[in-house]
Amino acid sequence: MMSIAEHFEQWLARGGDALVSSGDTVFGWLLALPRDAALIALALATVLTSLAARRWCANQDRLRRSVADLRVLKRLKREAKRAGRTRGELLRFDQTAARVRWGQLIVDLRVLGIVLIPLLWLATWAAVRFDYEPIVPGKVYTVTARLPSSSVGRIAHLVPEPWFTPESSLIARAVPDPDQPGWARAVWQLRFADQSAANTATLAMTLRHGGETVAHPVYLDGRRPSPAVVPAGASRSGAGASRLMESRLSVSEYRFLGWVPGWPAAGLAPWVVAYLLLSLLLLPIAKRVTGTY
């Protein structure tokens, strides 16, 4: 069974890149903010979009009265319990409350139908731009080529570029991968130059092995994060049996406040967990401030 991350990679391959590019046009200004501030702004934008849709498609007076009705029903049921009413009489309070909640659920589903497409667009963009921290100039990063075990002892090559300084030889010999038994790897270490003022284009590290080439995209503008993994087939060229399986870059995973964790069992990255928590926190505050039901 595929994980959420694998489903998302397939979604990107089927056209998500266009959503990311258009998202950069609309939401790209958020990347100039500190990451934590940008995530708060993202959650707030989501909440306000939902509330705007709710005010547009729902009768606010009816929703206000339904909230008041639930409060009254809860009070009446509590008083009935103290008065020793029968179970059947108490059940009628629950049935009435259920009908009121059903009406609220219908409104919630209608709002979801309206905001689903914009939220899918926003989530696709954020999943690419918030998963990892932007590259820090001067910091040492590790680049790893994942190879089959048959490549042990063979040579892999990282093509030199003016925007990085290698801390190790550009020619690496493949060795058994201690983290993934049955596979091999070639490893390089390097530092990236500060290109934020001079180059906002997509750069690419070029890895070569066994007649194949993989181009690993890199952003050095201090705003966009570079992908941690470029899987086989994403940018590989060359014929014959696959030897260059994927490239990895040791970029840091973004965590809100530096510590909010992810939920690996559900396939949720740390930023997603923080985003959901912030949205749930901001929603009742925004409802109260805007007077939305």
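The values are calculated or read from the model by the stated rules, or taken from the named source; none is laboratory data. Note that the structure is predicted; figures quoted are calculated from it, not measured. For neighbour counting, all protein chains shown are included, and Cβ atoms are generated from backbone atoms with ideal geometry for every residue, glycine included.
Contact map, segment 119-136: first residue under 12 Å from residue 223 (Cβ atoms), second residue among the polar types (S, T, N, Q) and assigned to a loop (DSSP other than H, G, I, E, B), Cβ cut-off under 6 Å, separation 6 or more or different chains; pairs are 133/252; 135/226. The set of residues from segment 34-64 being more than 30 Å from residue 260 (Cβ to Cβ) and assigned to a helix (DSSP H, G or I) comprises 55, 56, 57, 60, 61, 62, 63, 64.
Only one residue in 111, 143, 159, 128 is more than 30 Å from residue 259 (Cα to Cα), surrounded by 17 or more Cβ atoms within 10 Å (Cβ to Cβ) and under 32 Å from the mean Cα position of the chain (by Cα). Which one?
Numbers: 143 fails: more than 30 Å from residue 259 (Cα to Cα); 159 fails: surrounded by 17 or more Cβ atoms within 10 Å (Cβ to Cβ); 128 fails: more than 30 Å from residue 259 (Cα to Cα).
Within the list 111, 143, 159, 128, the selection yields 111.
Go through segment 115-154 and give me each residue that's in contact with a Pro (Cβ under 9 Å, 6 or more places away or on another chain), more than 26 Å from residue 17 (Cα to Cα) and not hydroxyl-bearing (Ser, Thr, Tyr). Of everything in segment 115-154, just one residue is in contact with a Pro (Cβ under 9 Å, 6 or more places away or on another chain), more than 26 Å from residue 17 (Cα to Cα) and not hydroxyl-bearing (Ser, Thr, Tyr), namely 152. Would you be able to say whether some residue in segment 170-184 is touching a helix residue (DSSP H, G or I) at 6+ places or on another chain (Cβ under 8 Å), buried (at least 20 other Cβ atoms within 10 Å of the Cβ) and in a loop (DSSP other than H, G, I, E, B)? Checked against the condition, which is being touching a helix residue (DSSP H, G or I) at 6+ places or on another chain (Cβ under 8 Å), buried (at least 20 other Cβ atoms within 10 Å of the Cβ) and in a loop (DSSP other than H, G, I, E, B), segment 170-184 yields at least one hit. Screening the candidates 19, 30, 12 for the property of being part of a helix (DSSP H, G or I), at pLDDT 85 or above and in the same structural domain as residue 116 (by TED's automatic domain parsing) yields one hit, 30.
Only one residue in 67, 72 is in a helix (DSSP H, G or I), more than 38 Å from the chain's Cα centre (by Cα) and either more than 22 Å from residue 289 (Cβ to Cβ) or in the same structural domain as residue 279 (by TED's automatic domain parsing) (or both). Which one?
On the way: 67 fails: more than 38 Å from the chain's Cα centre (by Cα).
None of the others qualify; the one that does is 72.
Restricting 153, 88 to those that are under 30 Å from residue 206 (Cα atoms) and among the small types (Gly, Ala, Ser) reduces the list to 153. Looking across 72, 67, one residue alone is out of contact with any Gly (no Cβ under 7 Å at 6 or more places or on another chain), within 30 Å of residue 115 (Cα to Cα) and of a type outside the set (Lys, Arg). It is 67.
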